[in-house]
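Right, one structure below, let's go through it.
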Amino acid sequence: MKAPLLRIDGLVKRFGGLTATDCLSLDVAEGEVHALIGPNGAGKTTVINQLTGELHPDGGRILLDGTDIVGLPVHARVRMGLARTFQIVQLMGSYTALEHVALAVQANAGHSFRFIGDARADERLTGPAREILSRFGLATRADRPVAALSHGERKQLELAVALAMKPRLLLLDEPMAGLGAAESAQMVELLQSLKGQFALLLVEHDMDAVFSLADRISVLVGGRAIASGSVAEIQADPAVRIAYLGEGDA
Amino acid sequence: MSPPQATGARAALAIGGLLVFLLALPFAADLLDVPATTSLVTRMLIYAIAAASLNLVLGFGGMISFGHAAFYGIGGYAVGILFQHARLSEPLFGMMLGTEQFLIAMPVAIVLGGLAALVIGALALRTTGVQFIMITLAFAQMLYFLFVSLKYYGGDDGLVVRRRNVLFGLDMRDAKTFYFVVLALAAAYFAFIWRIAGSRFGMVLGAIRQNDRRVAAIGIGVYRYKLAAFVLAGMGAGLAGGLWANYARFVSPDMMHWTKSGELMVMVILGGAGTLFGPLFGAAGLITLETVLSAWTERWQFFLGPILILIILFFRGGLSGLVALFSGRNR
Ligand SMILES: Nc1ncnc2c1ncn2[C@@H]1O[C@H](COP(=O)(O)OP(=O)(O)OP(=O)(O)O)[C@@H](O)[C@H]1O
Ligand SMILES: [Mg+2]
C-alpha cells in the first residue's frame, strides 16, 4: 500500500494539567477527505495547530510524505504544500479580497524581496487571483476591503486564499461555522467539486456536510480518537452515538 | 468616493505642488528677507528622512522600535569620525584613511546604519510587543553609552566637524546649496519609500503589520521580511544622521539618546503613521511647534505635550489626516 500523505503518530499536547491531544494517531491519504469531528473542546483545533506548526507537540511525530515536519516553522510547512483555514478568520482588515488572494499567489511564486514594481498592477498576481475569486462568486467583491465583507464572504475568502496556494493537503477548521443554510450548501458544493485535487482534513460540526463530503471520519473526544471509519461505520458506532452524535437526539 | 484616476491625478498634483514649493522656498526666503528659513527647512527635511525611515518599520511594518536614533547617531558619527581622521591624517583601524568626500562618507553612513540595524534587528525581532520596545531601547542606550565613553571622539562633548563634506565643486557652506543637496536626497528617499510601499515587499510588510499569523499561514517567513525592513530603515536613518553631521557640523551621543528616538516616534505619529508624507508633515510640524513655542515661552515643552495629544486624539491619521480633511479627501 502507498504511504499516506499525512501520518500523525502518537501525538501528545498538554496545556498544564490538561491533555488536549492524547496519543493521537491518524492518517490522510492522497486525495482523501478525512473528517475530524468531536464535541467542543475535544482538541480539534489543537491538532490542526500542531500540524501547521503554530503549536509544538509534547510528543509524537507528524510525517508529511514520509518526512517528520515537527521541527519545521509554519511557513516552511506551508511551502511543502500544507495550507489551512482558520476557525476564526484571520485576514488583513485594510486589504481587499483581491489583495489577499494575490498575496497568496505571490507567496507561491517565490520570495517577495522585490522592492520596486507595483504589486497591485502586476497581472501575474492579480490575474490568477481574480480567477480564483470568481470561482467563489466573489468577483464583484474583489476590490472591497475585507472589513466590508460579510462573515460568509470572509469564510469563503479564507478558502480562496488557501486554494491560491495550490496545496497538497488542506486543513479546514470549521469552514461552515456561522454560515447560513444557503452559504453552507454552496460551500459543500464547492468542496465537492474540488474533491480529489488535494487531500483534506476537515474539522466541522455540520454533520450533513461531513457525511456528504468525507471518505473517512475520526471522532475525537478529550483529545483521544474514540473511533475511525467510513461514514456508515461511524453512523453505526454505538460509542460514537453516546459520546457525540447522540448528544441532541438520544 | 472619487474614481482612482481622479485621486491619482490629484495626488500627483499635490506632490508636484509640494515639490515646486520646496524648490522655490530658499528664493522666497531671500525675497521676504527671512533667509534663516532655508536653514530651518533643511533641518525639517533631514528629520523628515529620519522619521520616514522609522515610519517604514513603525508605520508600515507595525514594529514599535524605540531605538531608532541609534542608527541616526551612527550615520552622524560615520561622517564625523571619517572627517576627524582625514583632518589629522590618522589611519582608521590601522589601514583606512578618513575622508571629507560626501560621496564616500555618506554611503559609509548609510551602510553602517544598515549594518547596525542588521545586528540589533536580528536579535530584537525574535521578540514582539513590549519586549521588542524594551530591547530596541536597550540597544540604542548601549550605543549611546559606548559613544559617551569614546573619549578619543569627544565622548560626552561630541565631535566637531569643522567643514562640511566636499561634493563636486559645490559650495556646501552656502545654506542654499546645502539645502538643495538635502532636498534632492529627501525627494529620492521619499520616492524610494513610495515604490517600496506598493511593491511585493511592501504588500508583505503591510500584511505582517495587520496579521502576522495569516502571513505565516500563506507560507511567508515573517522574520526575514521584518529584518529586511528594519535594515532598510537603519540605512535611511544613517543617511539622515550623515546629513545632520554635515548640517550642524557637530555630532554627539545625544543623537542616539532615547529622547531622540522618542522625538522621531512623535514625528511619525504626529504626521500619521503608515502614510507616505506623514513623516514630512510630522517633522515640519514638530519643529515648527518647537520653534514657535520656544520663542514665546521658556517652558515650551509644558505646552507642547497637550498640543500633540490634542492633534493625535482629534485627527485620526495625525497631520496627514488633517491635510486630507482640508483637501476634501475623506477616507
Ligand atoms: N493555548 C491554550 N492554552 C491552554 N489551553 C488551551 C489552549 N488552546 C486550547 N486549550 C484547551 O484545549 C482544549 C481543546 O481546545 P480546542 O480549541 O483544540 O478544541 P476544539 O475541538 O477545536 O473545540 P471547538 O469545537 O470549540 O472549536 C480545550 O479545553 C481548550 O480550552
Ligand atoms: Mg476549534
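The table that follows gives values for the structure above.
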item	result
Single condition A:G93 does not satisfy, out of (1) closer than 30 Å to B:Y189 by Cα; (2) surrounded by fewer than 16 Cβ atoms within 10 Å (Cβ to Cβ); (3) more than 8 Å from every other protein chain (Cβ to nearest Cβ); (4) of a type outside the set (S, T, N, Q)	(3)
Condition broken by B:A233, with the remaining ones in (1) open to solvent by 50 Å² or more (accessible area, probe 1.4 Å); (2) at negative phi; (3) under 21 Å from the mean Cα position of the chain (by Cα) satisfied	(1)
Flag if A:S228 is in a helix (DSSP H, G or I) and polar (S, T, N, Q)	no
Pairs, first on the phi < 0 side of the Ramachandran plot in segment A:39-58, second in a loop (DSSP other than H, G, I, E, B), C-beta under 6 Å, six or more apart	A:K44/A:G38; A:T45/A:Q87; A:N49/A:L55; A:Q50/A:P57
Where a residue in segment A:166-179 is more than 14 Å from chain B (Cβ to nearest Cβ) and under 11 Å from A:L201 (Cα atoms) and its partner, wherever it lies, is within 12 Å of ligand 2 (Cβ to nearest atom) and part of a loop (DSSP other than H, G, I, E, B), with Cβ under 8 Å and at least six apart	A:E174/A:Q87; A:E174/A:E204; A:E174/A:H205
Wholly enclosed helices (runs of 4 or more DSSP H) of segment B:193-287 bearing at least 1 residues closer than 21 Å to B:G80 by Cα	B:222-248, B:258-271
Helices (runs of 4 or more DSSP H) lying entirely in segment A:1-119 (those with 3 or more residues that are within 16 Å of ligand 2 (Cβ to nearest atom))	A:44-52
Residue list for segment A:171-210, filter: within 16 Å of ligand 2 (Cβ to nearest atom) and closer than 21 Å to A:R7 by Cβ	A:L171, A:L172, A:D173, A:L201, A:L202, A:V203
Residue in segment A:99-110 that is within 16 Å of ligand 1 (Cβ to nearest atom) and either open to solvent by 10 Å² or more (accessible area, probe 1.4 Å) or within 7 Å of another protein chain (Cβ to nearest Cβ) (or both) present	no
Counted residues, segment A:32-45 - those being under 15 Å from the mean Cα position of the chain (by Cα), near ligand 1 (Cβ under 7 Å from one of its atoms) and buried (at least 21 other Cβ atoms within 10 Å of the Cβ)	2
Members of segment A:195-210 that are surrounded by 15 or more Cβ atoms within 10 Å (Cβ to Cβ) and free of Cβ contacts under 8 Å to residues at least 40 places away in the same chain	A:D206, A:A209
Residue in segment B:199-207 that is polar (S, T, N, Q) and open to solvent by 20 Å² or more (accessible area, probe 1.4 Å) present	no
Meets criteria (of a type in the set (G, A, S) and over 25 Å from the mean Cα position of the chain (by Cα)) for A:A119	yes
Residue check, B:R200 more than 13 Å from B:Y247 (Cβ to Cβ) and of a type in the set (D, E, K, R)	yes
Given (1) more than 18 Å from the chain's Cα centre (by Cα); (2) open to solvent by 20 Å² or more (accessible area, probe 1.4 Å); (3) at pLDDT 95 or above; (4) of a type in the set (A, V, I, L, M, F, W, C), number of the condition A:V74 does not satisfy	(1)
Residue count, segment A:123-162 (criterion: part of a loop (DSSP other than H, G, I, E, B), crowded, with 19+ Cβ neighbours inside 10 Å and within 10 Å of chain B (Cβ to nearest Cβ))	0
Any hit, segment B:144-155, residues being hydroxyl-bearing (S, T, Y) and modelled with pLDDT under 90	yes
Qualifying positions in segment B:182-192 - surrounded by fewer than 22 Cβ atoms within 10 Å (Cβ to Cβ) and among the hydrophobic types (A, V, I, L, M, F, W, C)	B:L183, B:A184, B:L185, B:A187, B:A188, B:F190, B:A191, B:F192
Residue in segment A:11-31 that is within 14 Å of chain B (Cβ to nearest Cβ) and either open to solvent by less than 20 Å² (accessible area, probe 1.4 Å) or basic (K, R) (or both) present	no
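The values are calculated or read from the model by the stated rules, or taken from the named source; none is laboratory data. Since this is a predicted model, take the numbers as computed values, not measurements. Virtual Cβ from ideal backbone geometry, glycine too; neighbours counted across all protein chains shown. Just the protein is used for accessible areas: all its heavy atoms, side chains included, with ligands, DNA and RNA removed. Shrake-Rupley method; radii C 1.70, N 1.55, O 1.52, S 1.80 Å.
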